[in-house]
Amino acid sequence: MTEWWNGLTTLNQVFYGAAVFFGGLFVWQMIAAFIGLGGGEGELDGADAGEADMDAGDADADFDGDADEPDAAETTASFTLISIRSLITFFTMFSVAGALLLDNGRSIPSAMTFSTMWGLVGMFVIAGLIYLLRKLTATGTMDLGTAVGTPGTVYLDIPRDGWGEVRVMVSGVVSYIKARTVDGKPLKSGTPVAVVRRLGTRLEVQPSKFEE
């Protein structure tokens with residue numbers, strides 16, 4: 001093993017080291033996603049994070065507990081290519097492919113080119129899977145009332161006096177729902193929260209000390 005490692009070029013050692021590092025992160029992210037711990041992933045393109053506030057009448061409707069039918073804008077998942085999970089996938093595929101290609105005698109330019117291609121393919125695949133999972137969640141029959149009093153995690157930053165997105169269990173299914181804070185204070189992605197009440201097809205939350 002030592003002889004094999006010492007026989008590698010410095011660049012190939014870097015590729016293998018990166019492959020182990022990002023590969024570990026990739027496996028952890030996938031396990032977390034399937035067992036319901038991966039709610040801290042932040043979207044890097046800011047999609048929906050800066051959504052304009054709803055009119056007071058719209059936001060405060062349905063406090064009596066009768067859920068409205070979600071509109072298309074709120075139940076259709078958006079395709080987001082750039083996210084923490086997809087970036088981890090890119091660097092995992094890039095470093096693994098680069099290490100193997102250099103091991104097989106490919107030139108550095110060739111290895112870099114094909115590694116980048118593999119990384120991009122991985123990004124699109126993971127982004128597509130996340131999109132499909134969120135779409136399935138969004139289109140399912142959900143009773144937001146079941147989320148009240150349960151823990152969750154901020155998925156997209158909640159701006160001051162604005163709306164973000166939280167990851168909570170709704171009717172036994174991990175769901176991503178628009179939400180605001182009770183006091184209007186901002187919350188960063190990954191912050192543990194508790195659902196206080198339902199606002200029509202959205203939720204109102206507050207910071208919590210316990211994790212999901």
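The values are calculated or read from the model by the stated rules, or taken from the named source; none is laboratory data. Nothing here was measured: the structure is a model prediction, and the numbers come from that model. For neighbour counting, all protein chains shown are included, and Cβ atoms are generated from backbone atoms with ideal geometry for every residue, glycine included.
Can you find a residue that is in a strand (DSSP E or B), at pLDDT 90 or above and small (Gly, Ala, Ser) anywhere in the range 182-190? So far as the range 182-190 goes, no, none of its residues is in a strand (DSSP E or B), at pLDDT 90 or above and small (Gly, Ala, Ser).
Can you find a residue that is of a type outside the set (Val, Ile, Thr), buried (at least 23 other Cβ atoms within 10 Å of the Cβ) and free of Cβ contacts under 8 Å to residues at least 60 places away in the same chain anywhere in the range 156-168? Taking every residue of the range 156-168 in turn, none turns out to be of a type outside the set (Val, Ile, Thr), buried (at least 23 other Cβ atoms within 10 Å of the Cβ) and free of Cβ contacts under 8 Å to residues at least 60 places away in the same chain. Of the candidates Ala127, Ala61, the single residue that is modelled with pLDDT under 90, closer than 30 Å to Val170 by Cα and either assigned to a loop (DSSP other than H, G, I, E, B) or touching a Pro at 6+ places or on another chain (Cβ under 8 Å) (or both) is Ala61.
Scanning the range 75-124 for residues that are hydrophobic (A, V, I, L, M, F, W, C) and modelled with pLDDT under 85 yields Ala77, Phe79, Leu81, Ile82, Ile84. Condition first: modelled with pLDDT of 85 or more, among the hydrophobic types (A, V, I, L, M, F, W, C) and either touching a strand residue (DSSP E or B) at 6+ places or on another chain (Cβ under 9 Å) or over 30 Å from Gln13 (Cα atoms) (or both). Can you find one or more residues in the range 143-151 that meet it? Yes.
Restricting attention to the range 162-176, the residues being in a loop (DSSP other than H, G, I, E, B) and either at pLDDT 90 or above or under 15 Å from Val196 (Cβ atoms) (or both) number 2. The number of residues in the range 180-212 that are among the small types (Gly, Ala, Ser) and under 16 Å from the mean Cα position of the chain (by Cα) comes to 2.
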